[in-house]
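See below for the structure under consideration.
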Amino acid sequence: MALQDDFIKYLQFEKRYSEHTIVAYKKDLDQFIHFLSESIGDFDIVTVQKNHVRSWIVEMMEDGISSSSVTRKIATLRSFYKFLMKQEIIETNPVQLVKTPRTHKKLPVFVQEKSLDQLLDLDLFSHDFTGTRDKVIVSLLYGTGIRLAELKNLLLVNVDLKGFTVRVLGKRNKERIVPFPHSMKVLLDEYLQLREEIAGINQFLLLTSDGKQVYDKLIYRVVKEHLGKVTTLDKRSPHVLRHSFATHLLNNGADLNAVKELLGHANLSATQIYTHTTFERLKEIYNQAHPRA
C-alpha cells in the first residue's frame, strides 16, 4: 500500500487537491485494487497490464455504473500510473491507451430565478439562530456561487461587510475575492449577533447550534429542505445553487470570463457548459418573440 499512500500524499501536498477530490481518488484506487484481488488473486500494482484495466471497465459497465463515473475512475488510474512513471517505478503507463466509454455531458441543473426570489424574499425561514443561519447558507451559496467546501471553511475575517465581499480559499489553495449582494448585509448583521451568543472562540463563520463548525451533511440537508419549498427538482444540492448563480448571471448578460473568475475555474472550458443552458433560454425567448418561430 506504500505506493498508493505516496500517491495520495503527492495529491495532497504537491498538487494541493481538495479533501473531496483526494477522497474520491483514494476510493477509486481501492476499488481497482479490490477488483484485482478478486479477479487474479495475488498481484503487484506495478505489473498491472492494459487488459486488467479493460476487464475492470467491462465489469463496471455490466454493473450499471454510469459512463461518467467510469471515465472518472480511469482518470484516477491514469494519474496514479503517471505518478509511478514520474517516480521511475514503471516505464510505461498501462492506462494511457485505454479507451473510456463515451459520455454525454448533462446540462447543469438550476433553480429558476423567481423560485429563489420567493425563497429568499418571503418569510420562509424561522427567526431563531438555526433559521437565520440556514438563510445565510442558502443566500451565500446562491449570492456568491462558492462551493460547499469554500462555504464551510469561511472564517469571520473572510467577510467584509463594508465592502460586500468574501475572501474564498478555493481549489489548490487559490484565493479569490467574490462580492455578495448588498441586500444580504441586514441578514448577516442579524446572524452575527445571534452567533455571538454561542460562538465562544470559534472563528468559523457558520456554526452549528452548539458552536461548532458546520459540516457537509448539515449544509446538504439545509439546502435540500429549503429548495424543496420552491422547486420540484429531484436534485437539490449546494452545487445546484452554484449552477443557478452562474446561469442567472449569464442569462442577465454577464461576461463569460467574469463568471469564470467568480466561480474560481482554472480555465474557460469549465465555465462554458453554462452557455448551453443560457442558449436554451435564448431559444425559448426566440420562440416566444419571433413572428415566424
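Throughout, read-outs are computed from the coordinates displayed, never taken from laboratory work. Here the structure is a predicted model, which is why all the values come from computation and not from measurement. FYI the Cβ positions are ideal-geometry reconstructions off the backbone, even for glycines, and counts take in every protein chain you see.
For the pair GLU59 and SER37, the difference between a 0.36 nm per residue extended length and the Cα-Cα distance amounts to 6.5 nm. Residues HIS265, HIS248, HIS20, ranked from the fewest to the most other C-beta atoms within 10 Å, line up as HIS20, HIS265, HIS248. Taking a straight line from the alpha carbon of LYS114, these lysines sit under 30 Å away, with near neighbours fewer than eight places off in the same chain left out: LYS105, LYS106, LYS135, LYS152, LYS162, LYS185, LYS217, LYS224, LYS229, LYS235, LYS260, LYS283. Legend: calculated FRET efficiency, ALA199 to HIS276, from the Cβ-Cβ distance at R0 = 51 Å, rounded to 0.05, equals 0.75. Using the Kyte-Doolittle scale, which helices in the chain average at least -1.0 and also have C-alpha atoms spread 27 Å or more along the helix axis, with helices defined as whole DSSP H runs? Passing helices, by number: 19-40, 67-86, 268-289.
Taking 29 Å as the straight-line reach from the Cα of LYS99, the lysines in range (excluding those fewer than 8 positions away in the same chain) are LYS9, LYS15, LYS26, LYS27, LYS50, LYS73, LYS82, LYS86, LYS171. Kindly state, to the nearest 0.05, the FRET efficiency for ARG16 paired with HIS290, given R0 = 45 Å and r defined as their beta-carbon distance. Calculated value: 0.35. Tell me the mean residue ellipticity at 222 nm calculated for the chain from its helices only (DSSP H runs of n ≥ 4, each -39500 (n - 2.57), averaged over every residue, nearest 500). Computed mean residue ellipticity for the chain: -18000 deg cm²/dmol.
Arranged from fewest to most other beta-carbon atoms within 10 Å of their beta carbon, SER67, SER209 become SER209, SER67. Note on ARG78, ARG281: ascending count of other Cβ atoms within 10 Å places them as ARG281, ARG78, the fewest first.
Return, ordered by residue number, the residues of region 196-220 whose backbone nitrogen is under 19 Å from a label point located 7 Å along Cα→Cβ of LYS26. Residues 215-217 fall inside that zone. Here's the picture: a label point sits 7 Å out from the Cα of ALA254 along the beta-carbon direction, and within region 94-131 the residues with their amide nitrogen under 20 Å of it are 107-121.
Over region 113-288, what is the relative contact order in percent, taking alpha-carbon pairs closer than 8 angstrom and at least six residues apart?
25 percent
Distance from the alpha carbon centroid of region 181-242 to that of region 96-149 works out to 11 angstrom.
The chymotrypsin sites (Phe, Trp or Tyr not before Pro) of region 202-293 meeting both criteria, a DSSP state outside H, G, I, E and B (loop) and at most 15 other C-beta atoms within 10 angstrom of the site's C-beta, are TYR215. Modelled spin-label separation between VAL46 and ILE177, with each label point placed 7 Å from Cα along the Cα-to-Cβ direction: 5.1 nm.
Could you pull out the trypsin sites (Lys or Arg not before Pro) across region 195-235 that fall in loop regions by DSSP (anything but H, G, I, E, B) with no more than 15 other Cβ atoms inside 10 Å?
Passing sites in region 195-235 are LYS212, LYS229, LYS235.
Available extension along the chain between GLN87 and SER66 is 4.3 nm, counting 0.36 nm per residue and deducting the alpha carbon span.
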